[in-house]
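Any read-out appearing in this document is the output of simple, stated calculations on the displayed coordinates, not a laboratory observation. Quick caveat, the model's predicted, so the values are computed rather than measured. Cβ sites come from the backbone with ideal geometry, for glycine too, and all protein chains shown count toward neighbours.
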Amino acid sequence: MSKDNKNSAPEKGAELNEEQKAVETTAKTDTKKEEAKEEKVSFTLDKKKYEFAVKKFKFKSKEYSAEEAAKDKDLLALLVKTNSFVIKPV
């Protein structure tokens with residue numbers, strides 16, 4: 001056997017590792033795409049539309065989820081009035 005034969009065909013274990021890497025890369029890419037598609041929580045106040053820039057936040061020592069905050073009109077008014085970073089105009 002010559003050295004050329006040894007180098008010409010990759011080992012079966014090496015091929016598997018390359019396939020695994022390809023699958024892992026694809027899975028990571030798909031996860032990022034799903035995260036990007038995730039719906040932003042939005043609300044309308046005084047005929048202006050806003051969306052939450054974060055999923056969770058703390059305001060006046062209380063922790064809120066964007067979904068929970070979107071249901072609280074008083075809180076929304078305060079967030080808009082204080083120009084909070086947790087919301088952005090759409």
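Details
- Computed packing ranks the peptides 72-79, 55-62 as 72-79, 55-62, most packed first, by mean other Cβ atoms within 10 Å.
- Rounded to the nearest 0.05, the FRET efficiency derived from the C-beta distance between Lys73 and Glu51 at R0 = 25 Å is 0.95.
- Cα-only radius of gyration and Dmax that characterise region 42-89, units Å: 9.5, 29
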